[in-house]
Structure formats: C-alpha cells, structure tokens
1. In what order do 43, 163 fall by count of nearby beta-carbon atoms within 10 Å, going from fewest to most?
2. Any idea what angle helix 322-337 forms with the longest principal axis of the chain, computed on alpha-carbon atoms, 0 to 90 degrees, nearest 10?
3. Helix 230-247 against the longest principal axis of the chain: what's the angle in degrees, Cα atoms only, rounded to the nearest 10?
4. Of all beta bridges DSSP finds with both residues in the stretch 193-349, what is the antiparallel percent, to the nearest 5?
5. Cα gyration tensor of the chain, axes a ≥ b ≥ c as square roots of the eigenvalues: rounded (a/c below 1.5), prolate (a/b > b/c) or oblate?
6. Suppose R0 equals 51 Å; then what is the FRET efficiency for residue 165 and residue 326 from their Cβ-Cβ distance, rounded to the nearest 0.05?
7. Run lengths n ≥ 4 of DSSP H only: what is the helix-derived mean residue ellipticity at 222 nm for the chain, with -39500 (n - 2.57) per run over all residues, to the nearest 500?
8. The stretch 1-131: Rg/Rh from Cα coordinates, Kirkwood Rh?
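All of the numbers you see were taken from the coordinates with simple rules; none came from a lab. On a predicted model such as this, the values are computed, not experimentally measured, just so you know. When we count neighbours, we look across all protein chains shown, and the Cβ atoms used for this are built from the backbone with ideal geometry, even at glycine.
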Amino acid sequence: MSEGAAKKEEKPRKFQAIRGTRDLLPPETALWNRVEQTAHEVFATFGFGEIRLPIFEQTELFARSIGADTDVVSKEMYTFEDHDLHDLNLRRSRSITDIELFTEPTNVGIILPYAKHFLTEAKQELTAGKLPRTPSNEFLLARIESDLEYLATVTDATPRDAFRDRRSELRRNMQALELGPVISLRPEVTASVCRAYIEHNMHRRERPQKGRYRQFYQIDAEVLGGTDAPAIDAEVIEMVMTFFERLGLEGVQLHINSIGDKKCRPKYVELLRAELSKVKDRLGADSQRRIETNPLRVLDSKLESEQKLIERMPHIADHLCEECAENYRGVKKELELRGVKYRENWRLVRGLDYYMRTTFEITAKGLGSQNAVCGGGRYDGLVELLGGPPTKGIGFAIGEDRLILSLQESARAHPGDSGSPLATRHSPLLYIAWMGEKAYTTAIRAAKNLRNAGFRVELPPLEQKFGKALGQADKLGARFALILGDNEVTSGQWTLKTLADGKQEKLRESDLVEHLKKQL
Ligand code: HAM
C-alpha cells in the first residue's frame, strides 16, 4: 500500500450501543446479583421455583394474549420472519420493486416474467416443505396465480383503475406470503407453571428515557392452576411487598383495582364508550381511536388535557357483578389480614388485554415519570384462549432496572448506610505482591488455595517492585497484601500486611487461610 493510501485509510469504526440498551458493569452488577439473590430467597419461602424460557416465541402468541391493539404488540415488538429462503426473498423484493415501477398497462409485460418466476419458485419450495404450507400461504399463492393470469390479459384498452387495483393486489399478496414462521423477541411473560418465577431480559421498541429501555429486565412470578380464592391474589401481592421490604426499597406504594370479568366488564365498557363519545372531540387522537378499539385504555392516558374529562367517567367498581364485587372485597380483606397497605385506583386497567378482576401496580421513589416498579393481575381464561384447559392465573412482573435505579437513588440520599442494599457483601480483597520466579510459582499456588477458601484474590500477571505492588493494592481497596519474595519462599514464613494500619506479620502457608478467616 502506498503511503498516501495508508494515510487515507479509514479510521476504525466506533461501535455504539444499540438505542435503548446499555452495559451493566461491576460494581453495579453486584447490586443486581444481590437483588436477584433476594428474590430467589423470598420467593422460595412462598413455595415458588425458578423457570427459564426461550427468548423468542411466535408473534401470534403475543398478539392473542397481550392483545393486537395494545402498544406492546402494535408498535413495540422486535419481529422477524424466521426462514432460510434468501433467494426467494430476494426475488420477491425485486418483483415488488418492479411492480411498483411499472404503472401503465403497456409495461405489464416487463413485470410478468419476474413475478411468474417468483410464483414458480414459491410453489417448488412449498412442495419441498420449505415454505410453510399454511392455509394462508396456499390461499395467497392461488391469488398470486390468478392476479398474474389477469395481468397477462391486460391490453391498452383495459381500464386503468382495474389494472392498478389488480397490480396493487398482486403486490400485497406477494408481501403477505409468509416465508417462515413470524417470531418476536419476548416483550413480556406470562408463564406456564404453577408457582414459578423467572428473571429475563425483555424487548420493547419504546422511546428510551430514564427507567425505560428497549432491552430491560423483569423478575416475574406466576401462580397457575388451583383456585382463584382472594387469598391467592393477596399472597402474591404480599410476596412482592415482602421482597421490596427486604431490599429496603423506599416510598413503596401499592395501587389495586378490579376490572371485573367477561360477564360484567362488557357492560361497563359500553357505558364508558358512550360517556367518552360525548366528549370525543375534546380528547386526543389516541384516545379518540381507543373509544372504538379499547375504551378502557383511555383511562390509562397521561395526557394533561384529558385528565379532567377522564376523572368524570363512571368507575368500574360501581358496575361489577356480584361475584366480582365479592371477590374484590375478599382481596382487600385478605390484604388487610396480611398487613399489606394499599391504595385503590379505579383507573388502573393495565395496558395488556388478558387481565380480569384484580389488577395492581407498585410505584417507588426516585424514578420520575416511569415510576412503576411492578405490574400484575389476574388472567383466568388466558390459558384457554391459547388452546389450553380452563386455568386460573395470576402474576406480576417487577421492572428490575427501575428497582435498581430506585435503590441507587435511596443510597445516594443516605451515603454510608451499611444496611443499604448497595453496601457490598464481597469478601475482602487480598493482593499478592510477588518478586522472583520461585515466588511467582508460590504466588499462583497461594492464589488458588485462597480462592478455593472463598477469598477474592488479585494476582498481578507481571513482576513489579514491592513498593509499586503495594501502591496498586491500596488503589484497588485491598484489605490485605500477601508479600512473597525470595526470603519468604526460602524460610516458608510468608508476610501478611494489613493495609489499613500497615501491620505486618509472619505466617506459615498452612496457617494462612485459618488466620485470615478469624479476621473477617
Ligand atoms: P408490564 O406492566 O408491561 O407488565 O411490565 C411490568 C414492569 O416492567 C413495569 O412496571 C416496569 O417496571 C417494567 N417495564 C416495562 N417496560 C419497560 C421498559 N421498556 N424499560 C424498563 N422497564 C420496563 C407485564 O410485563 C406483565 N407481563 C406482568 C404480568 C405477569 N402480569 C401477569 N403476569
């Protein structure tokens, strides 16, 4: 390469984190571990066991359970077709581009060969079992064939509108053909095991801000099967409140509501729709649309200009059927029996379609507008909707990122509080300062034994003078330095220095671990 060319060589590209994602690094990850460990401990005392699930599922599963009109499904999912039909896919894109370019009947001869080729290959892949043989794909292939037959008959005399309509239909049909199963990264979880919990990263393409990310972490717990006695709802809520209390989370506020069931909710929804329609022209575009699609979601609105209007809407608590009203009274009584404080919030409908009866959300301090650290509710009927047997279900998900943010905010407000969840529980660090080849072999052996005994050990990879090594140990916050030089190796008497007070003592190798343990 010439010098000039070398100079012009491109600078290495700097890669940046994908929007809405971030690295979690030490020492912060120690807090994450601590939070998760506490969840394991507290949840186990309530009889929950851990499950782990795949990170993607069929898109249809989420569309059916969460609801096609929810923000999560309609706007925020990371979805893709999972297939290896790359050639067919390319041919499809090429054909669609052609179809878009040629807008006049006279051009149709140019469109046809590519599109026909695509059809032939798609049929071959269908026979080979690579293109999914779904009713929808079979229907679309038949329509594409008929569209092409029609377009082959087009002449200058064909009315332009008829030609254009059929051309657009061909394009839509080609686009709709599913080359493989459509799958999405999991945006949430409603698990399938009785008393189970899970920690997972979830994916939602939301607008990132403090406490809102595109990859975030949830600790989720579900009770499936068994009874729907109010005591279950209350116990699940008690469990998450116990967990927050154990962590010392501050400003915890539990909000509860009942959104009825499929007997009483439709009547309330109609009433709400009628009332909202009366003020429709004073509502924003999202709420106007939701009056038709899902009026309950209007109650979720945070738009300042809508608040006064929404506050005047009828409350669902006044329209529950007797069974739901009884159930709601039961849940509140059970919470009181457990000493769990709650606040009723009639607008808490939650953004996902599958809920019925009990819904709840928990907010905490220091989080700004995204202050919900946990959301959940009952979803009897969901398992049935997805093709399973009738099953009662209730669960929640804790937003772990927000939980950690809130704990960090509290720790900043009370620095030096050793009871704070931020206080590290690491064993003290021991730094091994070594000089000389023989000492190095001894140092490796010492590091291995100390680590096996549970100590955190820093073993420098290169020889350095003792002065420099001890300075480094200080910088790292080590509590002890083990000094190994020729003298120590020859005499078998090792030097242990306590960095805080500079005290040095001589110890035999066999006594070291016990001696250190006594000092903890
Ligand atoms: P969710 O209300 O969508 O419910 O989410 C639960 C919690 O996850 C929220 O309260 C929040 O703390 C956290 N969260 C949600 N989106 C984000 C985000 N983009 N960035 C950071 N944190 C976020 C569910 O997901 C239901 N699956 C809960 C459930 C389980 N209900 C029954 N079982």
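1. On the way: 43 21, 163 18.
Placing the least packed residue first, the sequence is 163, 43.
2. Tilt relative to the chain: about 10 degrees.
3. Between helix and principal axis, roughly 40 degrees.
4. Percent antiparallel among DSSP bridges in the stretch 193-349 is about 80.
5. Values: a/c = 2.65, a/b = 1.42, b/c = 1.86.
Oblate, since a/c reaches 1.5 and b/c is not below a/b.
6. The calculated FRET efficiency here is 0.35.
7. Result for the chain: -13500 deg cm²/dmol, rounded to the nearest 500.
8. Working: Rg = 25.7 Å, Rh = 21.8 Å.
Answer for the stretch 1-131: 1.18.
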